[in-house]
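To start, the structure under review is shown below, and the notes come after it.
The values are calculated or read from the model by the stated rules, or taken from the named source; none is laboratory data. Keep in mind the model is a prediction, meaning the values are calculated, not measured. FYI the Cβ positions are ideal-geometry reconstructions off the backbone, even for glycines, and counts take in every protein chain you see.
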Amino acid sequence: APLEYVGVNDSFGESGTPTQLLEKYGLNAANIVEKAKIALKRK
């Protein structure tokens, strides 16, 4: 099964609301859906 990595790159932490941080680090629902679509295209 093809995989796409979703996670936080090695960087200094920042402060903000949970929503802001999820967006900043690409961990929001839209980004996860996009990664899943990329993985499915390679299947």
**Complete:** Flagged in region 14-27 as over 27 Å from Pro2 (Cα atoms) and part of a loop (DSSP other than H, G, I, E, B), in numbering order, are Glu14, Ser15, Gly16, Thr17
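Results for (1) of a type in the set (Phe, Trp, Tyr); (2) loosely packed, with under 10 Cβ neighbours inside 10 Å; (3) at positive phi; (4) touching a strand residue (DSSP E or B) at 6+ places or on another chain (Cβ under 8 Å), shown as yes or no for each residue.
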| position | (1), (2), (3), (4) |
| --- | --- |
| Tyr5 | yes, yes, no, no |
| Phe12 | yes, yes, no, no |
| Thr17 | no, yes, no, no |
| Gln20 | no, no, no, no |
| Asn28 | no, no, no, no |
| Glu34 | no, no, no, no |
| Leu40 | no, no, no, no |
| Lys43 | no, yes, no, no |
**Request:** Report, ordered by the first and then the second residue, all pairs with beta carbons closer than 8 Å, sequence separation of six or more or different chains, a first member in region 28-40 that is farther than 10 Å from Val6 by Cα, and a second member that is outside any helix (DSSP H, G or I) and of a type outside the set (Lys, Arg).
**Result:** Ile38/Glu4; Ala39/Ala1; Ala39/Pro2; Ala39/Leu3; Ala39/Glu4; Leu40/Pro2
**Item:** Search result, residues across region 23-35 that are of a type in the set (Gly, Ala, Ser) and modelled with pLDDT under 95
**Value:** Gly26
